[in-house]
Amino acid sequence: MFKVAITGTGVFTPKDAITNDELVVAFNAYADKQNAKNADAIAAGDMDPVPHSSADFIVAASGIEQRYVLNKSGILDPDRMSPSLAPREDDAPSIMAEIGVDACQKALDEGGIDAADVDLVICAASNHERAYPAIAVEIQQLLGAGGFAFDMNVACSSATFGIQTAADMIKSGSIRRALVVNPEICSAHLEWRDRDCHFIFGDVATATLLERDEGLTKPHFKVKSTRCATQFSNNIRNNNGFLRRAHDQMGDQRDMQFMQNGRKVFKEVLPLVSRHIAEHMADEGVQADDLNRLWLHQANKTMNDYIGKKVLGREPAEGEQPNILQDYANTSSAGSIIAFSQNSKDLQAGDTGIICSFGAGYSVGSVIVTRS
Ligand code: COA
């Protein structure tokens, strides 16, 4: 069995950001328009008015202060309330491929590796803009990577599940280098007209370069161990899919977008994740005192505070459990990789950390790494 290392990461961040205040102004304008349009039905008690959103609620409930998006104007247009992204010809790069390639190139540059020396590209994301051909194969071609490529989807846990998949192939010797890329266009499957969730997501792409750990002289993270787990739940769900035409359900329906029972997710996922990390650490002989950093999935600040405290057995010190959700919001599978990419370079040789993502499925994935 070969050893595995992470030698590079990359983050593509869209140019446009939406603050909570901007988001709430647009949402409330939409709500007022809807309520004016349906004034008679609301007055007759046949329909509930659309309630206003509040920036104070958003930051208190989630810790999110802004999000990056691929298209701002469409989302903030009260008559549209969704991103406006021009369709592309089949022979033009798809949007996921384009932003994924940007993140991959940054990861390759950090690792000092040519794309041609990559044997595997996994495009692991919570939604893919088409069924086939795989976005990963398109990214492989645009990069000029070798070997083979495939897509996978484990929602918010896609990155860590992708890392385990690639790491296992490197360990076995079937490949030498892999890119795990997470282009997340969450803005296109978020229901911006629903105040319960309109603030949750943002867009981004991340990439992780993994290599056989043999004669590496550049800075890297040794992959000590990976672990994935799933447990079925309907509490985070998106019903959009190819059977909709067969079901005669092609209209604008709420369940074609992200749906969640946020309170239940909160209550059920916290113990699942805390237990998962504790068991993974125990099985690898890693004590809480050995941990220098936790790069958690970026969905909710209170959730991360709770998990950090549970794992470490105390309040995390400043910088020990970095959050990026205040700037990026929830970027699904990419969140823990952004946190890792932006908050790991300062670690010293021998320092240990855990990347952990969790979400729909339910799913939870953890990667224990040591700085070298
Ligand atoms: N503005 C103002 N009020 C709002 C609001 C908004 N945008 N959205 C909801 N509210 C209201 C609710 O209607 C509710 O009012 P009520 O008490 O009169 O019924 C109240 O605020 C509390 O709402 P609730 O949904 O219970 O809030 P919460 O504290 O659970 O926070 C989440 C909501 C989504 C931030 C939180 O549940 C969460 O983060 N859950 C986990 C999410 C997660 O990890 N998902 C994984 C996604 S991949």
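Tabulated data
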| item | result |
| --- | --- |
| Given (1) in contact with a helix residue (DSSP H, G or I) (Cβ under 6 Å, 6 or more places away or on another chain); (2) under 29 Å from K301 (Cβ atoms), index of the condition R80 fails | (2) |
| Region 220-240, subset touching a helix residue (DSSP H, G or I) at 6+ places or on another chain (Cβ under 9 Å) and part of a loop (DSSP other than H, G, I, E, B), residue nearest to S357 (Cα to Cα) | Q231 |
| Residue count for region 66-95, restricted to those that are in contact (Cβ under 8 Å) with a residue 40 or more places away in the chain and more than 28 Å from D21 (Cα to Cα) | 2 |
| Considering residues of region 235-249 that are away from the ligand (no atom under 13 Å from the Cβ) and surrounded by 10 or more Cβ atoms within 10 Å (Cβ to Cβ) only, the residue modelled with the lowest pLDDT | Q249 |
| Residue satisfying condition, being surrounded by 13 or more Cβ atoms within 10 Å (Cβ to Cβ), part of a helix (DSSP H, G or I) and modelled with pLDDT under 95, within set F266, F340 | F266 |
| Check on M152, of a type in the set (A, V, I, L, M), surrounded by fewer than 18 Cβ atoms within 10 Å (Cβ to Cβ) and within 17 Å of the chain's Cα centre (by Cα) | yes |
| Considering residues of region 292-323 that are among the polar types (S, T, N, Q), within 16 Å of the ligand (Cβ to nearest atom) and not in a loop (DSSP other than H, G, I, E, B) only, the residue nearest to A278 (Cα to Cα) | N304 |
| Those helices (runs of 4 or more DSSP H) lying entirely in region 22-127 with at least 3 residues within 16 Å of the ligand (Cβ to nearest atom) and surrounded by 15 or more Cβ atoms within 10 Å (Cβ to Cβ) | 55-62 |
| Subset of region 305-328 [buried (at least 19 other Cβ atoms within 10 Å of the Cβ), touching a residue at least 24 places away in the same chain (Cβ under 8 Å) and not aromatic (F, W, Y)] | I307, V311, Q321, P322, N323, I324, L325 |
| Single residue of region 158-213 satisfying the filter (under 18 Å from N127 (Cα atoms) and acidic (D, E)) that is surrounded by the fewest Cβ atoms within 10 Å (Cβ to Cβ) | E191 |
| Hey, A131 in a helix (DSSP H, G or I), over 19 Å from the mean Cα position of the chain (by Cα), small (G, A, S) and more than 16 Å from the ligand (Cβ to nearest atom) or not | no |
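The values are calculated or read from the model by the stated rules, or taken from the named source; none is laboratory data. From a predicted model like this one, the values you see are computed outputs, not experimental measurements. Methodologically, a virtual Cβ is constructed for each residue, glycine included, from the backbone with ideal geometry; neighbour enumeration extends over all protein chains shown.
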